[in-house]
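Heads up, the thing below is written out as structure tokens.
Here, each number is a calculation from the coordinates, and none is a lab measurement. Predicted model, so just to flag it, every value in this text is computed and none were measured. Every residue, glycine among them, receives a Cβ derived from its backbone with ideal geometry; neighbour counts consider all protein chains shown.
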Amino acid sequence: MSEVSKPLAPTFPTLTRSLLRRLFKRVRSARAAQLAPDAARVFTPTSEGSGIFGEWVIDEAGLPAYRYDLDQYADPRAVYPNSEKLVRRDHWHQIGNDRVTALASNDGLIQVYLGDRGGVILNRFVHSDGDLPPEADDLPARLLRMLRAMVWQVTQVRLWLARLVRPAASVKERYESPGVMPRGTTGDAPMSAALAQELAERTTLPAYACAGGFAYVDDGTEVWATAFRYRPGGAQVERVFGMGYFETRTTCRDVAVRRRVYAPYGDDPLLIAEVELENRTRQPADLRYYEYWDINVYQMQLQWFRSGGFAILGDAERFHLNDGFLPSIAWDADRRCLRFHQQVLDDTLDPDAPRDFDCAPADIFLADLSGTP
């Protein structure tokens, strides 16, 4: 009878090599799955890198988006330093296409920028010092407010002197002449003589300009805004910075409003706002929806000094450019849209000659694409 030999127990080096081979196969299989064509188009949800302001999410298109959750007015971590020594809490996201650029902020506002004939912000946001948070009440902030007030008064005097040199009657005469018309338009700007007279006598800079990019809803009892900055008490506002879009979801008084603003692919100089209204009650609701876009033209004339206190003077100079135009707004029946037009007062200017501002700006328009203006 022969003796059966027992198998030898694996030595430690042999066991180690076996485990390493198995681990290598698993890593290679996982790596191959990641490199597969389908896997390369799939984003995996992760909270890594979200920071304090919100959280990275995957939207319905399977693309990464950032949901901004922080209340920047209640959390001091939202404040960041700047050369003007202002209390800045606005954080923004850029959307646009080959022609138009828009800055969507955590306030729920959108400012539109064009660079066709020099940089211009079509609806620059402006607020008074009363909007500054309470903590901006130290000595530098007080000195800055005093400087702003002085610049404001000096600018008003300059506008008053300009009105003496160019009386309202001459402004009316220049309006009645054809002048330099904007690109893509024909005929005179649709403005009454009374409105021209009123604009010629106006000598104030904008104290408030809300930019726009949000909406107002009239639910029959109250009128409230969808923007986070102007939201009513008790409203829930969700802000999402997505790939090429800015979306807000506002819920107030059993009404939910979902707005998504984006620029179409290509070089069309426009933004599109898609809106959904939801009645969250069982009773019928009579709602009125108002799409709000402000107009506050701010031509970004070249300035060599912009940091610190120079920005105050620079802003006044840039807004002063608007005094060389007569603005008007009218309904364009052919294109079914509202058109804002700036008519230059100096009809001797050549629109194609080099200069540091655009004397023939294109019209700004607002159209309802649903077919019911």
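A few points about this structure:
- 5 angstrom amide H check on GLU84, placed H, neighbours 5+ away: GLY308
- Neighbour counts of C-beta atoms inside 10 Å place LYS25, LYS85 in the sequence LYS25, LYS85, starting with the fewest.
- Burial ordering of THR250, THR221, fewest other beta-carbon atoms within 10 Å first: THR221, THR250
- Checking every one of the chymotrypsin sites (Phe, Trp or Tyr not before Pro) in the stretch 58-107 against DSSP loop status and a limit of 15 other Cβ atoms within 10 Å picks out TYR73.
- The Cα center of the stretch 297-373 and the Cα center of the stretch 102-122 differ in position by 13 Å.
- Of the chymotrypsin sites (Phe, Trp or Tyr not before Pro) in the stretch 282-368, those whose Cβ has at most 11 other Cβ within 10 Å and which sit in DSSP loop: TRP304, PHE305
- Equivalent-ellipsoid semi-axes for the stretch 211-354 (Cα gyration tensor, √(5λ), whole Å, largest first): 37, 20, 16.
- Fewest-first ordering of ARG21, ARG231, ARG253 by other beta carbons within 10 Å of each residue's beta carbon gives ARG21, ARG253, ARG231.
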